[in-house]
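The values are calculated or read from the model by the stated rules, or taken from the named source; none is laboratory data. Computed from a predicted model, the values in this text were never measured in an experiment. Virtual Cβ from ideal backbone geometry, glycine too; neighbours counted across all protein chains shown. Ligands, DNA and RNA are stripped out before the accessible areas are found, and what is left, the full protein with its side chains, is counted by its heavy atoms. Shrake-Rupley method; radii C 1.70, N 1.55, O 1.52, S 1.80 Å.
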Amino acid sequence: MRLTTAALPFLSSAAALRSSSNGESAQPAIVPKRVAIIGAGAAGSSAAYHLAQFAQDSGIPLQIDVFERNWHIGGRSTTINPWFDPDQAIELGASIFVDVNHILVNATKAFNLSTNNRENLLANIPEVGIWNGKELVFTMNEGGWWDLAKLFWRYGYAPVKANKLMRETVDKFLQMYERPHFPWRSLSDVVQLVGLTEATGLTGEQYMQNKGIAPKFANEIVQASTRVNYASNLGTIHGVEAMVCLATNGAMSIAGGNWRIFEHMLSSSDYISTHLNHTIAQISKQADGTYNLTSIAGRVSSFDEVILAAPLQFSNLVIDPAPEHTPDEIPYVKLHVTHFTTPHKLDPLAFGLEADKPVPEYVLTTLQVDEDYGSKPNVGRAGFFSISIVSSGVNVHASKPRSEYIYKIFSPKRIDYQFLSRVLGLQVSKEEAEKGDVDGTISWINHWDVHSYPYEYPRVTFDEIKLDEGLWYTSAIESFISTMETSALSGKNVAQLIVNEWNKQAGESSNGEDMKIEANWDSNPWNNAQKPIKDDL
Ligand SMILES: Cc1cc2nc3c(=O)[nH]c(=O)nc-3n(C[C@H](O)[C@H](O)[C@H](O)COP(=O)(O)OP(=O)(O)OC[C@H]3O[C@@H](n4cnc5c(N)ncnc54)[C@H](O)[C@@H]3O)c2cc1C
């Protein structure tokens, strides 16, 4: 196999032109570029998928090793099984993406994955209500003209204005996918260039006020959405992220779990090897510019480029020496996600309703008018961010199989038996609230504490993407927008930046000779540290 001269610079930095041992000049070996990706979530999977594609398009041989400390692909996009039933999978983390999420939507089509469409979801969630700890300030059946009339009656033109502002924000954001902006070397610069700095620099409250959107609509409807999506009130989330919370058109999820997109991305190319249950402990830059990665088991492997596709502050990594840019440690939401199953509906009395009125199946929350939503995170009197019926199923483990609802709660504190007893209007024991009881009020329960996303405080600058020569970072994007799509975009952006650099080096150092490729590496990444270059070509 032969390559054009463009391949010459893709000699690994460890690979040099050598003479053979008998003194005759040997044809130089081209060692594929070796890239390590730490993290197999949306960002790392997308980086691997796009890097393989871009490199192939440029005729660049490479080996990508993706290291993931969990046993599963997807990171914060993962599923659980109610009643421990493997046939029932519901989203534990990231549950929804939308039709303007081009990377995820295109991958869904490319991999022929089935979606749970909006109709399916709505069939399970026919009613939405907004609870402020005292009363339901707004309830809505999805889609009917009567609900639109109710919206106008209560909020005037604010919903129309907010919708227009959301669409303008999305249009600006989508420029980040296209030339001349894509790929961007600096997130701070591109956010400014596409015209979104005004919105990231203000709180959602200030931004909407500046745009003439009535505070009542902002506080009740938009804030209910920022609380369910980012556990934040309008005074502690920036304007772009507040608009993202309104961009719900074409909401969808993947049957079996959104993580399947990322699984397919990682198996899309022979260039990519994924190593699950592999925790990287240290990244060490070498004198020749390559990086040694050390696993917690003490194994070392060498790479030309490293992509850190996880928030540095939660990765337990030592980077030695400190890179030129070290990402700031930023406050993350510590969210409690509770899923549980029960045959019972929520108790109307717990939500200020008369006993015969049904509680909406999707209860979002907001603050009362006298509550502080500006200075710091504050769940307020409502006490939780949302409680919803996400699905239903049959509990076959009960002594007599029974139909049950599957609920999800987002809250700032762990959900206990008192909370569950109150919202269901039934006695729930401590043990049931911790572990469930197949024949009890709570038949199955799962508690998950997670650093879910950053507090999206207003800001106009963001962390660097290139931390050092050959060291890249995807998670800077999370303080701009934290979603599966934006992480996937960040991974794609890094992939394009790396390939552009390789192509540039190729242009600079081409000497006009065709080169012979030598697949001079072991598919086991741990065998490659200090690997000697073959001389006998
Ligand atoms: C409860 C919840 C609900 C959400 N809802 C939505 C939603 O509806 N829609 C949406 O788009 N987004 C949602 N999000 C946000 C979304 O999940 C994230 O923005 C996105 O998944 C982040 O992807 P990532 O790849 O950047 O990071 P992660 O998913 O965190 O992936 C990083 C990976 O790196 C691995 N890792 C870290 N350190 C190491 C190491 N030292 N060695 C090896 N591996 C390492 C981790 O194990 C992890 O798998 C939600 C998040 C949560 C928690």
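What the table shows:
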item	result
Dipole axis of the chain (+1 Lys, Arg; -1 Asp, Glu on Cβ), positive-most option in THR115, TYR177, ALA40	THR115
Apportionment of accessible area to carbon and sulfur, the chain, percent (1.4 Å)	50 percent
For the chain, Kirkwood radius (reciprocal of mean inverse C-alpha pair distance, Å)	25.2 Å
Qualifying aspartates and glutamates (Cα of each under 13 Å from Cα of LYS413; at least 8 residues distant if same chain)	ASP449
Set LYS161/LYS216; LYS334/LYS408; LYS164/LYS492 screened for pairs whose C-alpha atoms are more than 18 Å apart	LYS164/LYS492
For peptides 260-269, 91-100, sequence by mean Cβ density within 10 Å, most packed first	260-269, 91-100
Placed amide H near SER391: partners under 5 Å, 5+ positions off or other chain	ILE406
Inverse mean reciprocal Cα-Cα distance (Kirkwood Rh) of segment 409-495, Å	16.4 Å
Charge tally in the Cβ shell below 10 Å around GLY195, where Lys, Arg are +1 and Asp, Glu are -1, GLY195 excluded	-2
Segment 355-456 pair-distance distribution - Cα-Cα, 5 Å bins, rounded %	2, 10, 17, 22, 20, 13, 8, 4, 2, 1, 0
Per-peptide average of other Cβ atoms within 10 Å, ordering 234-242, 174-182, 158-166 highest first	234-242, 158-166, 174-182
Per residue accessible area in Å² of the chain, where ligands, DNA and RNA are left out and the probe is 1.4 Å	43 Å²
Vicinal HN-Hα couplings computed from phi for segment 348-364 (Karplus, 6.51 cos²θ - 1.76 cosθ + 1.60; Hz; Gly/Pro x)	x, 5, 6, 10, x, 9, 5, 4, 8, 9, x, 7, x, 6, 10, 9, 9
Most to least packed among 340-353, 211-224 [average Cβ atoms within 10 Å]	211-224, 340-353
Farthest positive-ward along segment 157-252 dipole, Cα basis, beta-carbon charges - from TYR157, VAL228, CYS245	TYR157
Size of electric dipole in segment 157-252: Cβ of Lys, Arg +1 and of Asp, Glu -1, about Cα centre, debye, nearest 20	140 debye
Total charge dipole magnitude, segment 180-311, about the Cα centre, Cβ charges on Lys, Arg, Asp, Glu only, Debye to nearest 20	280 debye
Scaled radius of gyration (Cα, divided by 2.2 N^0.38 Å) that segment 157-252 gives	1.08
Within segment 244-261, backbone nitrogen closer than 20 Å to the virtual label 7 Å beyond the Cα of ARG154 toward Cβ	245-249
Net charge contributed by nearby residues that have their C-beta within less than 14 Å of LYS109 (K/R +1, D/E -1)	0
Longest to shortest principal axis, alpha-carbon extents of segment 266-420, angstrom	74, 48, 28
